[in-house]
1. Give me a count of the residues in the stretch 28-48 that are surrounded by fewer than 20 Cβ atoms within 10 Å (Cβ to Cβ) and among the hydrophobic types (A, V, I, L, M, F, W, C).
2. Which pairs have Cβ atoms under 8 Å, sit 6 or more apart or on different chains, and link a residue in the stretch 52-72 that is of a type in the set (Gly, Ala, Ser) and loosely packed, with under 12 Cβ neighbours inside 10 Å to one that is assigned to a helix (DSSP H, G or I) and at pLDDT below 95?
Amino acid sequence: MNADQDIFELLNAETVDAGCSAGFEVLHQYVESELNGGDPELELPGLAAHLRSCPACRDDYSALADAAEHFGDASPSDSPDQ
């Protein structure tokens, strides 16, 4: 990351920021809403604000969204061990 991006992320913080711990608890709801055609920024504005200002949580969001997109239809019975 470069200094301009770091400054932007610091200045982009909003007062409605839910924080990492609170955001992690509902991150799956954010991803589910997005995958189902909802508007997660409207439904979870605190998390949306946090994702704009926290690179670590954005990485978690991206990984969860990728996994849900690729494996969202899988069930435990789809496991190769069974």
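1. Residues that pass the stated criteria total 3.
2. 56/20; 72/35
The values are calculated or read from the model by the stated rules, or taken from the named source; none is laboratory data. The model shown is predicted, which means the values in this text are computed figures rather than measured ones. Backbone-built Cβ (ideal geometry, glycine too); neighbour counts: all protein chains shown.
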